[in-house]
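Encoded as structure tokens, the structure appears first; notes follow it.
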Amino acid sequence: MKRSILTSGLFLALAATPAISEIDCARETESGMEGLYAERFGYEGSGFMAEAYVNPSFNSRDWGSSDRKIAPTSVPELKGFDGFRVVDCRSGRFLAFGNTYANDARLLLEAEALRAKVAARGPLTLDDVRAAGEAAYRGTDVKIIALRETERTCSCISFNNNLSQDD
């Protein structure tokens, strides 16, 4: 079974949900992407994490070179990506917000779609996060991409969030 998600003009096909495997957190990147400065999103126990999410570039010869190369990634829409992501650690699904600053994840918590739920410590969903993002970034060049991890993210592991298949 395939599911399709339409996200800000991007059409992504997601396969049926496979099991989530372990990841080696000693690596510098996860599938060509760096997750940095992870923090809980919402409140402790929400099951959500936010972190800077960047497709790193590097100099191909030395640090003084202007010949920059972008690390390969398995998702074409993430090539050159710079922004943040909000991860539902229970399912592995996440929203990546590109062309914005890593600490903007906190701004989403002030949006009407999330503010009351966070204050009441109510259950959060990615639909809530998407609604907050669409409201916050309406009229800007910020792109929102919906994806799913096939491995436990290091940020979810580091905060001991339990990943289970809650589809």
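Points to keep in mind about this one:
- Residue match in the stretch 3-16 (condition: assigned to a loop (DSSP other than H, G, I, E, B) and either of a type in the set (A, V, I, L, M) or at pLDDT 85 or above (or both)): yes
- Among residues of the stretch 34-53, those that are farther than 12 Å from Cys154 by Cα and touching a helix residue (DSSP H, G or I) at 6+ places or on another chain (Cβ under 7 Å), counted: 4
- Only a single criterion out of (1) over 15 Å from the mean Cα position of the chain (by Cα); (2) hydrophobic (A, V, I, L, M, F, W, C); (3) at pLDDT 85 or above is not satisfied by Cys25, namely (3).
- Residues of the stretch 109-147 classified as closer than 19 Å to Gly45 by Cα and touching a Phe, Trp or Tyr at 6+ places or on another chain (Cβ under 8 Å), total: 6
- Annotation note: Cβ proximity below 9 Å between a residue of the stretch 139-151 that is within 16 Å of Asp104 (Cα to Cα) and a residue that is β-branched (Val, Ile, Thr) and part of a strand (DSSP E or B) (sequence gap 6+ or interchain) occurs for Lys143/Thr7; Ile144/Thr7; Ile145/Thr7.
- Pairs, first in a strand (DSSP E or B) in the stretch 17-39, second at pLDDT 75 or above and surrounded by fewer than 16 Cβ atoms within 10 Å (Cβ to Cβ), C-beta under 6 Å, six or more apart: none
- Inside the stretch 44-67, residues that are surrounded by fewer than 16 Cβ atoms within 10 Å (Cβ to Cβ) and modelled with pLDDT of 65 or more make up a count of 3.
- Just so you know, in the stretch 119-143 the residues that are surrounded by fewer than 20 Cβ atoms within 10 Å (Cβ to Cβ) and of a type in the set (Val, Ile, Thr) include one that is farthest from Leu78 (Cα to Cα), and it is Thr125.
The values are calculated or read from the model by the stated rules, or taken from the named source; none is laboratory data. This one's a predicted model, so the numbers in the text were calculated from it and none came from an experiment. For neighbour counting, all protein chains shown are included, and Cβ atoms are generated from backbone atoms with ideal geometry for every residue, glycine included.
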